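To keep things clear, I will list the structure first and then write my remarks on it.
The values are calculated or read from the model by the stated rules, or taken from the named source; none is laboratory data. Remember, predicted model here, so these are calculated numbers, not experimental data. Ideal geometry is used to build each Cβ from the backbone, glycine not excepted, and the neighbour counts take in all protein chains shown.
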Amino acid sequence: MNRSARLVEIVAAHAGREGPLLPLLHEVQAEFGCVDGEAEAQLAHALNLSRAEVHGVVSFYHDFTATADPRPCVQLCRAEACQARGVEALVPAAQAAAGGRVKLHDVYCLGLCSVGPNARVGDQLYARLDQGSLVELIERA
């Protein structure tokens, strides 16, 4: 099945849903690894929005990228609560472990503020990380 046809299926799965743009964008990002200009245009047409409206949402949220990155991604919380719990001291070891093989992506709150430092790989959250556990997590990604 070609990409355009798959986009049509994704849009159809959200038919009748109120406020479908964000769920659609998340599904497109998960399916193709990005929300590129072609997807933006097709979603805008399907939702009767301007391309600028769709692009504005895509460019506002850091979860969406315009080009696919095949590397595994480890999201590391760098918000104030995790900073207070020592995440900044873990960053150099995390960057070294990630190298060019793993995308280390800074995020600003994973919602586990009392048990930081935190990270997320896919839908799995990891709490109370120290240098060893974070490096191990990155190496397993």
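General observations
- The residue that is farthest from the chain's Cα centre (by Cα), counting only those in segment 1-20 that are closer than 26 Å to Arg71 by Cα and touching a residue at least 24 places away in the same chain (Cβ under 8 Å), is Ser4.
Here is a yes/no grid of residues against (1) in contact (Cβ under 8 Å) with a residue 60 or more places away in the chain; (2) in contact with a Pro (Cβ under 7 Å, 6 or more places away or on another chain); (3) over 30 Å from Ala39 (Cβ atoms); (4) not assigned by TED's automatic domain parsing to the domain that holds Cys34:
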residue: Ala79; (1), (2), (3), (4): no, no, no, yes
residue: Gly86; (1), (2), (3), (4): no, yes, yes, yes
residue: Leu90; (1), (2), (3), (4): no, yes, yes, yes
residue: Cys109; (1), (2), (3), (4): no, no, no, yes
residue: Arg120; (1), (2), (3), (4): no, no, no, yes
residue: Gln124; (1), (2), (3), (4): no, no, no, yes
residue: Ala127; (1), (2), (3), (4): no, no, yes, yes
residue: Asp130; (1), (2), (3), (4): no, no, yes, yes
residue: Leu134; (1), (2), (3), (4): no, no, yes, yes
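- Of residues in segment 50-63 being surrounded by fewer than 16 Cβ atoms within 10 Å (Cβ to Cβ) and not aromatic (Phe, Trp, Tyr), the one farthest from Leu7 (Cα to Cα): His62
- From the list Ala93, Ala66, Ala84, the one residue that fits, being touching an Asp or Glu at 6+ places or on another chain (Cβ under 9 Å), surrounded by fewer than 16 Cβ atoms within 10 Å (Cβ to Cβ) and not β-branched (Val, Ile, Thr), is Ala66.
- Exactly one residue out of Val58, Val115, Val91 is of a type outside the set (S, T, N, Q), over 22 Å from Leu137 (Cβ atoms) and at pLDDT 95 or above, and it is Val58.
- From Glu38, Glu18, residue being surrounded by 12 or more Cβ atoms within 10 Å (Cβ to Cβ) and farther than 30 Å from Asn118 by Cβ: Glu38
- Conditions (1) closer than 25 Å to Asp106 by Cβ; (2) free of Cβ contacts under 8 Å to residues at least 60 places away in the same chain; (3) touching a helix residue (DSSP H, G or I) at 6+ places or on another chain (Cβ under 6 Å): number failed by Val74: (2)
- Some residue of segment 21-44 being over 26 Å from Val121 (Cα atoms), part of a loop (DSSP other than H, G, I, E, B) and at pLDDT below 95: no
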